[in-house]
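Let me give you the structure first, and then I'll get to my questions.
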Amino acid sequence: MAERPSPSISSRKQPKQARAVELISAILEAAVQVLASEGAQRFTTTRVAERAGVSVGSLYQYFPNKAALLFRLQSDEWQQTTDLLCAILQDVEKPPLERIRILVHAFIRSECEEAGLRVALNDAAPLYRDAPETQEARAMADRTVEAFMREALPEASDAARDLAADLITTALSSVGKDFSSSPRTDTEIEAYADAMADMFCAYLISLGHR
């Protein structure tokens, strides 16, 4: 049986004028509010347009469907996380293990601060999980992690570096999601991130990091 094509999740067109940029900003802000208050199941373009104070037709000029709007919210969140990850891991002024510690602290804190929106977006993930845009967003982060592992573990085998990259990113994502599912204090976040960073650093040292 042939697979059903995924609905388009690309923006219909890109804004070129300041007024259009402001319109998209208002739509995205309204989308976050609707998603937070209604959840993914009750999220509709009509509700977003009403909250933004624009017509549904104006919304459809830039987002052809609900999936496109949700993906834009998700891709913006992914881009922020990817930019954060890349900036930290590519900072060659700091030793690799220090970068790992900074990354863990920044990521765990970000997960806790954005827990509500992330949970709602995860509920909507089936709408765009296999889209090419989604795969490219993930690939950028993967390339940065791979380059970092080559620097941190220059004498390790490719298989060992790949395993380390997969283990650390998977653990960071899964543990961050679980830890942020409940409200956390700054003290709890610091203690948890410290412990997790200790484990990652010990693991890299065991693989030959000097």
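The values are calculated or read from the model by the stated rules, or taken from the named source; none is laboratory data. These numbers come from a predicted model, not from an experiment. Here the Cβ is made from the backbone with ideal geometry for all residues, glycine too, and neighbour counts use every protein chain on show. SASA here: full protein model, heavy atoms, side chains in, ligands and nucleic acids out. Shrake-Rupley method; radii C 1.70, N 1.55, O 1.52, S 1.80 Å.
Being in contact (Cβ under 8 Å) with a residue 12 or more places away in the chain, open to solvent by 60 Å² or more (accessible area, probe 1.4 Å) and in a helix (DSSP H, G or I) is the filter here, so list the residues in the stretch 22-49 that pass it. Write out each step before concluding.
Step one: list which residues in the stretch 22-49 are in contact (Cβ under 8 Å) with a residue 12 or more places away in the chain, which gives 23-24, 26-36, 39-41, 43-45, 47-49.
Within this subset, residues satisfying the condition of being open to solvent by 60 Å² or more (accessible area, probe 1.4 Å) are 29, 33, 36, 41, 47.
GLU29, GLN33, ALA36, ARG47 - these are the residues of the stretch 22-49 that are in contact (Cβ under 8 Å) with a residue 12 or more places away in the chain, open to solvent by 60 Å² or more (accessible area, probe 1.4 Å) and in a helix (DSSP H, G or I).
Right, something else. Being under 30 Å from LEU70 (Cα atoms), open to solvent by 50 Å² or more (accessible area, probe 1.4 Å) and not in a helix (DSSP H, G or I) narrows it down to one residue among PRO183, PRO154; which is it?
Being under 30 Å from LEU70 (Cα atoms), open to solvent by 50 Å² or more (accessible area, probe 1.4 Å) and not in a helix (DSSP H, G or I) holds for just one of PRO183, PRO154, which is PRO183.
Evaluate the stretch 57-74: report whether one residue or more is open to solvent by 20 Å² or more (accessible area, probe 1.4 Å), within 19 Å of ALA137 (Cα to Cα) and hydroxyl-bearing (Ser, Thr, Tyr).
Checked against the condition, which is being open to solvent by 20 Å² or more (accessible area, probe 1.4 Å), within 19 Å of ALA137 (Cα to Cα) and hydroxyl-bearing (Ser, Thr, Tyr), the stretch 57-74 yields no hits at all.
Turning to a different aspect of this structure: When you scan the stretch 184-193, how many residues do you find that are over 14 Å from SER110 (Cα atoms) and in contact (Cβ under 8 Å) with a residue 24 or more places away in the chain?
0
Still on this structure, please answer the following. Return the residue satisfying two criteria in turn: it lies in the stretch 50-85 and is in a loop (DSSP other than H, G, I, E, B) and either within 20 Å of the chain's Cα centre (by Cα) or touching a residue at least 12 places away in the same chain (Cβ under 8 Å) (or both), and of such residues it is farthest from ARG19 (Cα to Cα). Spell out the reasoning first.
Here is the first cut: in the stretch 50-85, the residues in a loop (DSSP other than H, G, I, E, B) are 53-55, 61-65.
Keeping just the survivors that are either within 20 Å of the chain's Cα centre (by Cα) or touching a residue at least 12 places away in the same chain (Cβ under 8 Å) (or both) gives 53-54, 61-65.
Working: GLY53: 14, VAL54: 13, GLN61: 13, TYR62: 13, PHE63: 16, PRO64: 19, ASN65: 21 Å.
Among those that are in a loop (DSSP other than H, G, I, E, B) and either within 20 Å of the chain's Cα centre (by Cα) or touching a residue at least 12 places away in the same chain (Cβ under 8 Å) (or both), it is ASN65.
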